[in-house]
1. Can you tell me what percent of all Cα-Cα pairs in the range 180-323 are more than 28 Å apart?
2. Can you flag which of LYS17/LYS227; LYS231/LYS302; LYS302/LYS424; LYS79/LYS231 are past 28 Å Cα-Cα?
3. Considering the chain as a Gaussian network with a 10 Å cut-off on Cα pairs, which listed residue, SER394, SER369, SER328, attains the greatest mean-square fluctuation?
4. Can you give the translational diffusion coefficient of the range 309-437 in µm²/s, computed by Stokes-Einstein from the Kirkwood radius over Cα pairs at 20 °C and 1.002 mPa s?
5. For a quick check of understanding: with a 1.4 angstrom probe and all protein chains in place, what accessible area in square angstrom does GLU431 have, to the nearest ten?
6. Hey, got the dipole for the chain? About the Cα centre, +1 on K and R Cβ, -1 on D and E Cβ, debye to the nearest 20?
7. Sort TRP38, TRP337 by heavy-atom solvent-accessible area, probe 1.4 angstrom, most to least.
8. Ranked from the most accessible area to the least, with a 1.4 Å probe and all protein chains present, what is the order of TRP376, TRP207?
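The values are calculated or read from the model by the stated rules, or taken from the named source; none is laboratory data. The model shown is predicted, which means the values in this text are computed figures rather than measured ones. Cβ placement follows ideal geometry from the backbone for every residue including glycine, while neighbour counts extend to all protein chains displayed. Quick note on the areas: whole protein, heavy atoms, side chains included, nothing else; ligands and nucleic acids left out. Shrake-Rupley method; radii C 1.70, N 1.55, O 1.52, S 1.80 Å.
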Amino acid sequence: MTTTTTRPSRLGPSYHKLFISTTISNIGDGMSLIAYPWLASALTRNPLLIAAVALVQRLPWLVFTLPAGVITDRVDRRKAMVVADYTRFVLTLIVALAVLSRQSSLPGLDELASVHGTSTGLYILLLVATLLLGTAEVLRDNCGQTFMPSIVEVDQLERANGRLWSAEQIANTFIGPPLGSLLLIAAFSLPFFVDAASFFAAATLVWAIPGSFRAERPDDHVQAPWKTELKEGFRWLWANDLLRSMCIILGFMNLASTLSGSVLVLFAQEVLDVGPFIFTIMGFGFAAGAAIGGTLAPWMSKRFGSGTCLAMTLGSSAATSILVGLSSWWPVVMILWTIGATLGATWNVITVSLRQSIIPPHLLGRVNSVYRFFAWGMMPIGALIGGATVALISQFADRGVALRCAFLLDGAIYLCLFIVGRSKLTTAKLEAARAAVPA
């Protein structure tokens, strides 16, 4: 079955509805970047338990990504995105109501260091909700990436993805976290209520996009069992040397980033000595860099070559992670994040656009899910390693040293990836993959 929607030669109304929907949901996601870690740190100070929140959030990328790919290629992708976002609305609303019921007993933002033990009931609810939210996120994101080529021409993909990536970062860091911080200061439950509303609005906007968006398939296609379809996507990816190398490298990138990110809230509180508002201001550096990088990515790809841009991402990530681990002053961390994110944003724009342009439309959902299984499935492993690293080193060294070691290990992994990626992901190989696609 083929889509009934004709793609415009320019970025049309359907793209702009998707653009606004994604921006709104990312404002909510930005608030959750502040609200969820700070809530976890108000319920427990155990680094393993705090890292467990990041672990269960990313666990669905390991266990649900492959089935999500088959679902994406079988159903209307727009409707699947709507269902996923409405599900996230309901789950977030439940968390908001639970936090509201316990709000009077939670410590103030300046009293977190005095927390002893764990508030078991609310912590378990937080874990379960985070797991289910992550599951819905997997389906929504996979459908979103495979949905884009249905409303944007191939020669516009880098431009469309670059704009969307920039908007996501601005909403996710410039707007969401400051708003989340202000709401968090007013009441612990407020950012969760607003986050829920953002998912509702995002789902409604996507629902308003006209057309049918099922995967394009040959006229004589007979639907096979889902395991057979999944194997077809896996074989296609594994036979493509470029995408196979890219997804493995991205997997270790995500492992490294989550390794340090899982204990970032403790690093900010105990090493940099900042509260939620300054933590938000620090994030502006990352957002500014990502927004600039997302906008400049198409130009950088043409000017320096796509392979060189990917190498710059790996090299800059290694340097910034190591320098952050050696820093004690938050403005330095903010500047480092700006530099790293500017160069790092090109990775997403270039690699997502490449996948959208070279993977056959009827396989896009499955191949994309296998790719993200390897790439994103490493995140829970990284979160586990991050929490375990801090817990282990804290046994024989200062807690601050232990937290720094997570970032130094992050940087060391990126340095190894830079060495490998420089030969595996060259401009010549990327251009050859694009040229091999039939007109």
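1. Considering the range 180-323, 52 percent of its Cα-Cα pairs are separated by more than 28 Å.
2. Correct reply: LYS17/LYS227; LYS231/LYS302.
3. Taking springs between Cα atoms under 10 Å, the residue moving most is SER394.
4. Details: Rh = 16.7 Å.
After rounding, the answer is 128 µm²/s.
5. Estimated to the nearest 10 Å², GLU431 gives 90 Å².
6. Using only the charged Cβ atoms, the result is roughly 820 debye.
7. In descending accessible area the options line up as TRP337, TRP38.
8. Putting TRP376, TRP207 in descending order of accessible area: TRP207, TRP376.
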